[in-house]
Amino acid sequence: MKHTLLLLLGCVFTLSAGATRDTASFNDNWKFARFGAMPNGSQLEEPKGMEKPGLNDSRWLTLNLPHDWAIEGPFRAELPNQTGKLPWAGIGWYRKSFDSPESDAGKRVFIEFDGSMSRTKVWLNGEYIGEWPYGYSSFQLELTGKLKVGQENTIAVRLDNKPDSSRWYPGGGIYRNVRLVKTGPVHVAHWGTFVTTPKVSGESATIHITTQIEGASADVEVSHEVLKEGSNKVLASGNGTDCSIELASPKLWDLENPNLYQVKTTVFKGGEAVDRYDTSFGIRTIKYTANGFFLNGKKVRMNGVCQHHDLGPLGTAVNVRAIERQIEILKEFGVNAIRTAHNPPAPEFLDQCDRMGILVQVEAFDVWARKKVVNDYSTLFADWYEKDLKAMIHRDRNHPCVVMWSTGNEMIELRYPEDAALSQQLRELVNAEDPTRPCTFGNSRPEASTNGFQNTADVFGFNYKPHMYEQFRKDNPDLPLYGSETASTVSSRGEYFFPVSDNKKEGSGGYFQVSSYDLSAPNWAYRPDIEFEAQDKYPWVFGEFVWTGFDYIGEPTPYNKDKTNLLNFTDPAEKARMKKELAALGGNIPPRSSYFGIVDLCGFPKDRFYMYQAKWRPELPMAHILPHWNWPERVGKITPVHVYTSGDEAELFLNGKSLGRKKKGEFEYRLRWDDVVYEPGKLKVEAYKNGKKWAASETKTTGKAVKLELSADRKKIAADGTDLSFVTVQVSDNDGLLVPRTHNSVKYTLSGPGEIIAVGNGDPVSHESFQATERKVFNGLALVVIRSKAGEAGKIELTAESEGLESAKISVKAK
């Protein structure tokens, strides 16, 4: 398979007036109840007959989808911190009654799930419709034969989240969107279009459209119109289920200008339009060689991060604005690529990446047939991997942002050369369904680069092996290479421990926190500088995907399975104190979310944010100093200062006195003043580039905490019941400076047509509820997420109050 990939890509949806297709949200007014393992730790027997239409569900909870049943908690100390100490395991039932109008007669009716966690089974009017067990797959089931036209119908959905089925917090429930789709007997099949371009130039593009039609007969015809997204002007047209269209002067999709088009496909039967199907796509070329990755003929390095699917305090329930905000924050420090670790994402995530200019590797699985935990995907693999892979590819193959398919992550099979045949089988399946993008996998086994597994990947991904890049090229001179998972540095926002050590296993301290000097990492991992050096030494490595962009719920390394990791403290007194804490806790240690993120669970930047920004956005004048400068107990003690800057040298000043000017050496990505003796006052850095002043930054010893301050990312939101405003809460001194090391408890009240749907603070140890109206700040910051109410416009006002501090108010307009 050659990888000169010339593509027109995008996502699919809906219909137009005059056609018989009707696609409508099916999210509202569901009934919900839980059984089996309950949130409080008790067990509730699951009654029989829950699928029957006559069941009395009047006492069940009424809610709208998407819904994560576990994010409300409570956090429980005895639950595994690997999956977030939240009660996601258990059985859930959803029921919904709806009318089928007489106009449904003669139509085909389908229900579409973008994702439900997990082992989904569906009944209509008490009759079994079908199932789909993988919680990350999108799927469609047909209701037609069992639908009572002109009457009320009841749909029932059973989910079963088995314990020990995930290595991170998976959430629970119908956590992605659901739609009801009605078509005529003749219609475009589910995900039935595939748009590619065999030829692209500045003058023209050949658009090739294949279309799968259900119910086709001799008198069925298909036509296509090409439009720029957001325009009604037809730019080109063609006919047929296997159709090529020439488009003059195409506007290409790229990172800076993510131009999108639409194909409007109309199906005619006997000359009458019977279906309309829209496909969003973008025109671009991709090519992988041993020398790198090329987008539209231009070499592009992938500055990527891995992302789990939860949205922090919001849990896993899909929200478009929350996804968009995450991508905005990632782009701010230079991200241009995301790996959807370790599962297919929500379709809305790819829509946003299309529109915001982000390259995406879509990953299918965390495991194949050999298990990592007892009830993981290995229990489904044999029966479902082909269906799940095809569903992933068919749904997403028209997105311009998608540039790679990954069949899995660090699979156990990679240890066994005899399993290479399985990897090749998966690759062939992927290539058959989409020959326009390469197939890859994330590999942490050194031997897999030489034992035959490397020949089962179109592009090869190494997890945490920068020291092997040079040898890999000698062993595989023609195979494209990238860092599929890198760094895994760990830190807590705003936490710093002394003395500062370059030993990656040290840096733990405080109450289960990790120092933000960005030097700490688990055994398999390393600080960002090491990957930067390897990527610079070997520019033919086409990029990296850092673990991770955002903190996520679960996997709180280094405080996870191995309790001995808790004792890796630099300070003997801290070590002794933590031993005592462990004994008091009885082994149930509190951390419940990761320390890996470049930004924390709420989206607040950690220090590493600025290290990556300095590297990935070299044209941006910036400088960042760490740590903060509030250390009354350290007067006269050595307190190292690090500076991240996109400049090439910098001078540091303490209270106006120069502490020296330092220049970055080859493969040096931070400037260090390791012998600074603390005294209160002002630290200032002046950065230079090519001998000229480039950027400056300062940090001060603050006054005492006197007030709260609020700032909203958006002060105008849509009154649609889904739009969000993210409000940052800051504890400040009289000058408005953030006061670090503050943990005040803050109460929140809201008036107007909105609601507080989540609060957080980025502390990986906190067991305070994400749904509370009172929450401590963590090192001076907290987050409040406000959602509008559907159809209710007006002023929403948030008030924040804390004992001993001046209160604050902020207004957000819903319209």
Only one of (1) touching a helix residue (DSSP H, G or I) at 6+ places or on another chain (Cβ under 7 Å); (2) of a type in the set (Gly, Ala, Ser); (3) in contact (Cβ under 8 Å) with a residue 60 or more places away in the chain does not apply to Gly150, and that is (3)
For Gly150, state whether it is out of contact with any Phe, Trp or Tyr (no Cβ under 9 Å at 6 or more places or on another chain) and closer than 20 Å to Phe268 by Cβ.
-> no
Scanning segment 632-653 residue by residue, those touching a Leu at 6+ places or on another chain (Cβ under 7 Å) and assigned to a loop (DSSP other than H, G, I, E, B) turn out to be Ser646
If you go through segment 35-49, how many residues are loosely packed, with under 13 Cβ neighbours inside 10 Å, without any contact (Cβ under 8 Å) to a residue 24 or more places away in the chain and either outside the structural domain of Trp88 (by TED's automatic domain parsing) or not hydroxyl-bearing (Ser, Thr, Tyr) (or both)?
-> 5
Looking at Phe32, Phe75, which one is at pLDDT 95 or above, in a strand (DSSP E or B) and either in the same structural domain as Ile129 (by TED's automatic domain parsing) or under 29 Å from the mean Cα position of the chain (by Cα) (or both)?
-> Phe32
Subset of segment 474-508 [farther than 30 Å from Thr456 by Cβ and surrounded by fewer than 23 Cβ atoms within 10 Å (Cβ to Cβ)] | Phe498, Pro499, Val500, Ser501, Asp502, Asn503, Lys504, Lys505, Glu506
Looking at segment 124-164, which of the residues that are among the β-branched types (Val, Ile, Thr) and either part of a strand (DSSP E or B) or touching a strand residue (DSSP E or B) at 6+ places or on another chain (Cβ under 8 Å) (or both) is farthest from Pro185 (Cα to Cα)?
-> Val157
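Condition (residue is within 30 Å of Gln262 (Cβ to Cβ) and buried (at least 20 other Cβ atoms within 10 Å of the Cβ)) applied to segment 365-386: is it met by at least one residue?
Checking segment 365-386: not a single residue is within 30 Å of Gln262 (Cβ to Cβ) and buried (at least 20 other Cβ atoms within 10 Å of the Cβ).
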Any chance segment 641-650 includes a residue that's of a type in the set (Asp, Glu), surrounded by fewer than 19 Cβ atoms within 10 Å (Cβ to Cβ) and over 22 Å from Phe532 (Cα atoms)?
-> no
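Restricting the search to segment 776-798, which residues are over 25 Å from Val320 (Cβ atoms) and in contact with a Gly (Cβ under 9 Å, 6 or more places away or on another chain)?
Selection gives Phe778, Asn779, Gly780.
I'm trying to understand the selection: among the residues of segment 218-234, which are without any contact (Cβ under 8 Å) to a residue 12 or more places away in the chain and part of a strand (DSSP E or B)?
Val234
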When Ala695 is evaluated against the numbered criteria (1) outside any strand (DSSP E or B); (2) farther than 30 Å from Trp69 by Cβ; (3) among the small types (Gly, Ala, Ser), which criterion, by number, is the only one it fails?
-> (1)
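Test Gly171 against the criterion of being touching a Lys or Arg at 6+ places or on another chain (Cβ under 6 Å) and either in a loop (DSSP other than H, G, I, E, B) or under 30 Å from Asp551 (Cα atoms) (or both), and give yes or no.
So Gly171 fails the test.
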For Phe13, which of the numbered conditions (1) modelled with pLDDT of 95 or more; (2) closer than 19 Å to Val318 by Cα fails to hold?
-> (1)
Would you check if there is a residue in segment 462-471 being part of a helix (DSSP H, G or I), surrounded by fewer than 24 Cβ atoms within 10 Å (Cβ to Cβ) and within 19 Å of the chain's Cα centre (by Cα)?
-> no
Residues (outside any strand (DSSP E or B) and in contact (Cβ under 8 Å) with a residue 60 or more places away in the chain) located in segment 180-214 | Gly184, Pro185, Val186
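The values are calculated or read from the model by the stated rules, or taken from the named source; none is laboratory data. This is a predicted model, so every value here is computed, not measured. Every residue, glycine as well, gets a Cβ built from its backbone with ideal geometry; the counts of neighbours run over all protein chains shown.
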